[in-house]
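All remarks here apply to the structure that follows.
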Amino acid sequence: MPRLSLWLVRTALIWLGIGQTLGGLVLANKGLPLLPWLWTLRSSHIHILLIGWTVQLAFGVAFWILPRLGGGSRGNERLVALCYATLNLGVLLAALHDPLASLVGLDALWPLPVLTGLCYVVAAAAFLIHAFPRVLPLPTLPTEKP
Amino acid sequence: MYPQARIFIRTALIYLLLAFLVGALVLVNQGLDLNPRIGALQPVFYHLLMVGWATQLICGVALWMFPSFSREQPHGDQRLGWITYGGLNIGLLLRVVAEPLLAWTGAAGWGWALAVSALLQVVAIWAFIAAIWPRVKVRPTFRGKPSG
């Protein structure tokens, strides 16, 4: 597994643990209402598991196993590094939004969703530009003539 | 494919059908207004699909295909995989039963069942992380050849 895939997959696993733990708190609080504030973690739970875990895991595995370009290259790795940084910044900002909004109010936090959206689009675009040329048919081996 | 991964993936496929059956029921109810109680099944549908199908399929494929833990133990400590399987499925099934019943009856016992379901699923996921973490690794280099 290449080093960038290692970073993407391990970070995805960390988000999986965090997202599932937050989801567990929300679910337990649904059954035994102790702290109403815990409900604000629901949106963080969804963002973390959908983007931080599922999408990031797919990126990590795709970077690892998609066909390589000429010379065994995996293409432009800087784009994948940019994708990694912006995707995780986006997930972090999205995860903080609702819990913070419940403490300081929505008005002060308007830049967070804007930045989150921007980060997600940059991450997706960077990965698309990286991966598109690697979606290739398998090379065919020359066949022997009868 | 080794037996543990097969069990994960086959169970995930069963959840896919269950999730779509519940999802279809929720959609039919939205259109035909059969019974207002059916609306309480919406979170059950989401979690059957995302935990029972997607997460469990990912766990099965990752346990099967990720780099070997070691030559002697290619899949690592399989007990962690079984804790994942047991916790995820018992926790999810408990939720499938308890969440709508809590909404319909309000009985406190179902609330406790939801808390137990949450705990089981959290333990399951951390067990999966513990199982797969050492197998997320860069290929070791041999005789100076580059890794990757």
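The table for this structure:
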item: Rough spin-label spacing in nm, given labels placed 7 Å along Cα→Cβ, for A:A58 and B:F69; result: 2.9 nm
item: 10 Å Cβ neighbours from other chains, averaged over peptide B:127-134; result: 3
item: Cα gyration tensor, segment A:3-134 - rounded (a/c under 1.5), prolate or oblate; result: oblate
item: Sequence ranges B:75-87, B:20-32, B:98-110, ranked by mean other-Cβ count within 10 angstrom, highest first; result: B:75-87, B:98-110, B:20-32
item: Shielding of A:43-49 by partner chains, average beta-carbon count, 10 Å; result: 1
item: Signed unit charges on C-beta, dipole axis of chain A, positive-most listed residue A:L103, A:W39, A:V9; result: A:V9
item: Net charge dipole size for chain B [Lys, Arg +1 and Asp, Glu -1 on Cβ; Debye, nearest 20]; result: 800 debye
item: Simple spin-label estimate for B:L101 and A:L96 in nanometres, 7 Å along Cα-Cβ; result: 4.2 nm
item: Exercise: per-residue mean of other protein chain Cβ atoms within 10 Å, B:117-124; result: 5
item: Vicinal HN-Hα couplings computed from phi for segment B:49-59 (Karplus, 6.51 cos²θ - 1.76 cosθ + 1.60; Hz; Gly/Pro x); result: 6, 7, 8, x, 8, 5, 5, 5, 5, 4, 4
item: Rounded if a/c under 1.5, otherwise prolate or oblate - segment A:23-97, Cα gyration tensor axes; result: prolate
item: Packing-based ranking, highest mean first, of A:3-10, B:54-61, A:64-71 given that Cβ atoms within 10 Å are counted; result: B:54-61, A:3-10, A:64-71
item: Point-charge dipole on Cβ atoms (K/R +1, D/E -1) for chain A, about Cα centre, debye to 20; result: 420 debye
item: All-pairs alpha carbon distance profile, segment B:3-135, 5 Å steps from 0, percent; result: 2, 11, 18, 19, 16, 13, 9, 6, 4, 2, 1, 0
item: Using a Förster distance of 30 Å, the FRET efficiency for A:A108-A:I14 (Cβ separation, nearest 0.05); result: 0.60
item: Whole-Å distance, taken between Cα centres, linking segment B:74-125 and segment A:28-60; result: 16 Å
item: Theoretical ellipticity at 222 nm over chain B - DSSP helices of four or more residues, -39500 (n - 2.57) apiece, nearest 500; result: -23000 deg cm²/dmol
item: Largest-first principal axis extents, alpha carbons of the protein assembly as shown, Å; result: 72, 50, 39
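Readers should treat all values here as calculations from the given coordinates under stated rules, not as data from a laboratory. Here the structure is a predicted model, which means the values were calculated and not measured. Positions of Cβ are backbone-derived with ideal geometry, glycine not excepted, and every protein chain shown enters the neighbour counts.
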